[in-house]
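The values are calculated or read from the model by the stated rules, or taken from the named source; none is laboratory data. Keep in mind that this is a model prediction, so the values were computed, not measured. Cβ atoms come from the backbone with ideal geometry, glycine included; neighbour counts cover every protein chain shown.
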Amino acid sequence: MGFYKTHLFGSPSIVVYSPSVCKFVLHSSERFKQEWPTIEALGSKSVITLQGERHTLLKNFLVNALNHRDSLTRTVEQVQPSVVAALELWSKKGKIIAKDELRKVIYMRVKDICKYVQLFINYLSYGF
C-alpha cells in the first residue's frame, strides 16, 4: 500500500514510504497537516515547516537548482575537499568505525547546505 498507521511521540500518525504515495502527499500539501517535527523544534522559517505558497516557491527553487545540468559538478567540487580530508584523517587513525565517521562528514556537509538554504529563505522573507 505504501503507508501505515502508527503512534509517534504519543500522537496518531500515518507514515508513508512508497515513492508514489510520498509524491501524492508532497503534492497535496493542502490535504495533509504536518505536526512533527514541530515548528517550535525547527523554527518558523525552517524549510520543513514552511507551508503553502512559500513552501512551493522554495521547493521549486531547490528542485530546479538540484536538477540543473551543472549542479552535480558544483556539488562534487564543493564536497570533494571535505571527503578527501576525511579519508586522509581516517588513514592516519588506522582503525575507525565507518558509520560514526561517515555521520560526522555528512553532518558537516548538510549543515553547510542548510546554511545556504536559510540564507535564501531570509532573502525571500526579508530581502537580505
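Some notes on this structure:
- Positions within region 117-128 being surrounded by fewer than 10 Cβ atoms within 10 Å (Cβ to Cβ) and not in a loop (DSSP other than H, G, I, E, B), in sequence order: 126
- One residue stands out among those in region 69-103 that are exposed (fewer than 11 other Cβ atoms within 10 Å of the Cβ) and basic (Lys, Arg): the one that is nearest to residue 59 (Cα to Cα), which is 69.
- Scanning region 33-61 for residues that are at pLDDT 75 or above and more than 20 Å from residue 110 (Cβ to Cβ) yields 52, 53, 54, 56, 57, 60.
- Region 104-116, subset more than 23 Å from residue 57 (Cβ to Cβ) and touching a Ser or Thr at 6+ places or on another chain (Cβ under 9 Å), residue surrounded by the fewest Cβ atoms within 10 Å (Cβ to Cβ): 108
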